[in-house]
Amino acid sequence: QVQLVESGGGSVQAGGSLRLSCAVSGRTFSTYSMGWFRQAPGKEREFVATINWSSSRTHYRDSVKGRFTIARDNAKNAGYLQLNSLKPEDTAVYYCAAKRGNIATPPGEYAYWGQGTQVIVSS
């Protein structure tokens, strides 16, 4: 069983930065791929970024490439999402998630989810 808890959300002005963290419990975290997703009010949950167990593979949605960076530290059972150059359209609840096997973008492929952390970007 894997449990995830996000933190680090907040309110920032456009152009600002935040670092989201995902604390993971479970001895097998190092064998899981991790993903970050977000959901804005009235919209479906969407993929943001994903990283495989060894950090050798990452993938981002086009709109965040060059601005967001996903990382993980298996020794600390933690994952991270660095958000730079934030835009108002990045406003959403951000979720971390974990899955066995390779990286993937569909939310339905992730078995474990955190409760989310709110990011608000004002113009």
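Applying a threshold of 7 Å to beta carbon distances and a minimum spacing of six or more residues, or different chains, the list of pairs starting in segment 1-28 at a residue that is under 18 Å from Thr69 (Cβ atoms) and modelled with pLDDT under 95 and ending at one that is open to solvent by 60 Å² or more (accessible area, probe 1.4 Å) and of a type in the set (D, E, K, R) is empty. Residues in segment 10-28 that are more than 15 Å from Pro88 (Cβ to Cβ) and either basic (Lys, Arg) or surrounded by fewer than 21 Cβ atoms within 10 Å (Cβ to Cβ) (or both): 7 in all. Can you find a residue that is closer than 19 Å to Gly116 by Cβ and not hydrophobic (A, V, I, L, M, F, W, C) anywhere in segment 13-21? Looking through segment 13-21, at least one residue is closer than 19 Å to Gly116 by Cβ and not hydrophobic (A, V, I, L, M, F, W, C).
Whenever a residue of segment 103-123 is more than 16 Å from Ile70 (Cβ to Cβ), its partners that are open to solvent by 60 Å² or more (accessible area, probe 1.4 Å) and not polar (S, T, N, Q), lying with C-beta atoms within less than 9 angstrom and at least six residues away or across chains, give the pairs Ala111/Arg100; Gln115/Val5; Val121/Lys87; Val121/Glu89; Ser123/Lys87. Looking at Ser54, Ser122, Ser63, just one residue is of a type in the set (Gly, Ala, Ser) and either more than 21 Å from Ser17 (Cβ to Cβ) or within 12 Å of the chain's Cα centre (by Cα) (or both), and that residue is Ser54.
Restricting Arg61, Arg72 to residues that are within 15 Å of Val5 (Cα to Cα) and among the basic types (Lys, Arg) narrows the list to Arg72.
Would you please name the residue that is nearest to Phe29 (Cα to Cα), looking only at residues in segment 43-72 that are polar (S, T, N, Q) and in contact (Cβ under 8 Å) with a residue 40 or more places away in the chain? The qualifying residue nearest to Phe29 (Cα to Cα) is Asn52.
Kindly indicate whether Ser11 is assigned to a helix (DSSP H, G or I) and on the phi < 0 side of the Ramachandran plot.
Details: assigned to a helix (DSSP H, G or I): no; on the phi < 0 side of the Ramachandran plot: yes.
Considered against the rule, which asks whether it is assigned to a helix (DSSP H, G or I) and on the phi < 0 side of the Ramachandran plot, Ser11 comes out as no.
The set of residues in segment 14-31 that are outside any loop (DSSP other than H, G, I, E, B) and either hydrophobic (A, V, I, L, M, F, W, C) or closer than 12 Å to Ala78 by Cα (or both) comprises Leu18, Leu20, Ser21, Cys22, Ala23, Val24, Ser25, Phe29, Ser30.
The values are calculated or read from the model by the stated rules, or taken from the named source; none is laboratory data. These numbers were taken from a predicted model, which means no experiment stands behind them. All Cβ positions, even for glycine, are placed from backbone atoms using ideal geometry, and neighbour counts span all protein chains on display. Accessible surface is based on the protein model in full, side chains and every heavy atom, while ligands, DNA and RNA are left aside. Shrake-Rupley method; radii C 1.70, N 1.55, O 1.52, S 1.80 Å.
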